[in-house]
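Please read the structure below before turning to the comments.
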Amino acid sequence: MLTGQILMELIVILVAVQVAGFLCRLIGQQWVIGEILAGLALGPSLLGLFFPGLQSQLFPASSLSTLQVLGDIGLILYMFALGAHLDTEQMLRQSRTVAMASLNSMLLPFVLGALLGWWLYPAFAGLHTSLLTFSLLVGTAMSITAFPVLARLLAEKDMLHSRIGLLALTCASAGDVVAWCLLAIIASTSHAQLLSTAVITVGETILFIAAMLLGVRPLLRWLVTVISSQPLQIAISLTMLLLAAFITNAIGIHPVFGAFIAGVIMPRTGALSKELHDMDKLNNLLFLPIFFVISGLRTQLGLLQSPGIWLICGLTIFIACFGKICGGTFSVRLMGETWRDSLVLGFLMNTRGLVELIVLNVGYEMGILSSTMFAILVLMALVTTMITSPILNLLGYRTPAHSLMKTASNQQTIDVNATP
């Protein structure tokens, strides 16, 4: 009985995501916006509001735990692919000036977000958090740029190989690494009741990263040279991925962090990279959308009823945009870029999308965010991502006609391997 229910839910999710993604492409928005909106539409914010009986039949409480596991698996595979697609050598080759630009584009929104979290803590924090943890999570949420969403947007605008596009990708990729390190620290302090326990968890995380970079990475490179069987290479890679996710979960931080590090250390050989990319396409089509629905089922926009809460929501969106846009714009303007290109980079860095939702879901699962704060930050992620494309149009970077003619499936498979 449960199998049939899950299969029906997968059909509904797949159809809803395809329809919403297609409609968003028609109005010039990215496919990921449709994925987020599909998740919200299937949750209590829309379907549950107008057809509560249908919503409870489609997603009964008895099936949510299974759906959560499938969504987590899709998320783990996605984070693995994200790490594998990062051009780490290019990041290391960047000058210190570019490194400073990426850090500055995170610093201002992080500080403003942490101050906002400090102010909102008494009324909007979760049941299992402290002032420090809550402030750090809100600051991290404000400072994130969604690297894969940004890569899709740049590809659609034919900016993927432009100088400002490459600069934005470099800043976003470096920022994602910093954000995941911050999230690991937040997770360790959230689970720890004592300061000594938090220190131990952080120490174990550092040891894990060191072991992956210094031990497992060269071992994988050697195995790829001595093992010619691609299926065996894939099996070893997936085993390493699952083991890394299991270890970080056992340490006390989210398994997606282990999956991300596992992707970062993967060898960039042609055959193995192609196989992993093909696996990523299936995950993006079938399993990852489950994550959006889980996020949508958790998001209750109906909680944002009073004028005071809507004012706080508007303030949150304003601070998120102000911090990210100003941080990104002025950091590269001081490096000698024109005001136009500086503004373009600032708005590109304001793109959040999927990576933001991952951080918010981790915070919600840990009890750091209340349901109301979760809804506010989901709405912030949606708005900040949606405004990027129209602003780029105003600044002269319009989507070419050939990009608008691409099918939805092609949009699903754009990845950052296209970057030089």
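Quickly run through the range 293-345 and pick out the residues that are touching a Ser or Thr at 6+ places or on another chain (Cβ under 7 Å), open to solvent by 50 Å² or more (accessible area, probe 1.4 Å) and not in a helix (DSSP H, G or I).
Gln300, Met335
Just for the range 220-239: of the residues that are in contact with a helix residue (DSSP H, G or I) (Cβ under 8 Å, 6 or more places away or on another chain) and free of Cβ contacts under 8 Å to residues at least 40 places away in the same chain, which one is surrounded by the fewest Cβ atoms within 10 Å (Cβ to Cβ)?
The selected residue is Ile227.
What do you reckon, is Leu232 among the hydrophobic types (A, V, I, L, M, F, W, C), closer than 16 Å to Ala84 by Cβ and out of contact with any Phe, Trp or Tyr (no Cβ under 8 Å at 6 or more places or on another chain)?
So Leu232 fails the test.
Can you find a residue in the range 123-141 that is in contact with a Lys or Arg (Cβ under 8 Å, 6 or more places away or on another chain), assigned to a loop (DSSP other than H, G, I, E, B) and modelled with pLDDT of 80 or more?
Scanning the range 123-141, I find no residue that is in contact with a Lys or Arg (Cβ under 8 Å, 6 or more places away or on another chain), assigned to a loop (DSSP other than H, G, I, E, B) and modelled with pLDDT of 80 or more, so the answer is no.
Can you spot a residue in the range 208-219 that is aliphatic (A, V, I, L, M), under 24 Å from Val362 (Cα atoms) and surrounded by fewer than 12 Cβ atoms within 10 Å (Cβ to Cβ)?
Yes, there is a match, as at least one residue in the range 208-219 is aliphatic (A, V, I, L, M), under 24 Å from Val362 (Cα atoms) and surrounded by fewer than 12 Cβ atoms within 10 Å (Cβ to Cβ).
Kindly indicate which of Thr189, Thr170 is part of a helix (DSSP H, G or I) and open to solvent by 30 Å² or more (accessible area, probe 1.4 Å).
Thr189
Which residue pairs have Cβ atoms closer than 8 Å, lie 6 or more positions apart in sequence or on different chains, and pair a first residue in the range 303-319 that is of a type in the set (Lys, Arg) with a second residue that is surrounded by fewer than 17 Cβ atoms within 10 Å (Cβ to Cβ)?
Sorted first by the residue in the range 303-319, then by its partner, the list stays empty.
Evaluate the range 361-380: report whether one residue or more is under 16 Å from Leu150 (Cβ atoms) and surrounded by 22 or more Cβ atoms within 10 Å (Cβ to Cβ).
So far as the range 361-380 goes, no, none of its residues is under 16 Å from Leu150 (Cβ atoms) and surrounded by 22 or more Cβ atoms within 10 Å (Cβ to Cβ).
Are there any pairs with C-beta distances below 9 angstrom linking a residue in the range 39-68 that is under 19 Å from Pro289 (Cα atoms) to a residue that is open to solvent by less than 40 Å² (accessible area, probe 1.4 Å) and hydroxyl-bearing (Ser, Thr, Tyr), with the two at least 6 apart or on different chains, and if so which?
The qualifying pairs are Gly39/Ser295; Gly39/Thr299; Leu40/Ser295; Leu40/Thr299; Gly43/Ser295; Gly43/Thr299; Pro44/Thr299; Ser45/Thr299.
The values are calculated or read from the model by the stated rules, or taken from the named source; none is laboratory data. Bear in mind the structure is a predicted one, so any value in this text is a computation, not a measurement. Neighbour counts run over all protein chains shown; Cβ positions are idealised from the backbone, glycine included. When the accessible area is computed, the model is the full protein with side chains, heavy atoms only, and any ligands, DNA or RNA have been set aside. Shrake-Rupley method; radii C 1.70, N 1.55, O 1.52, S 1.80 Å.
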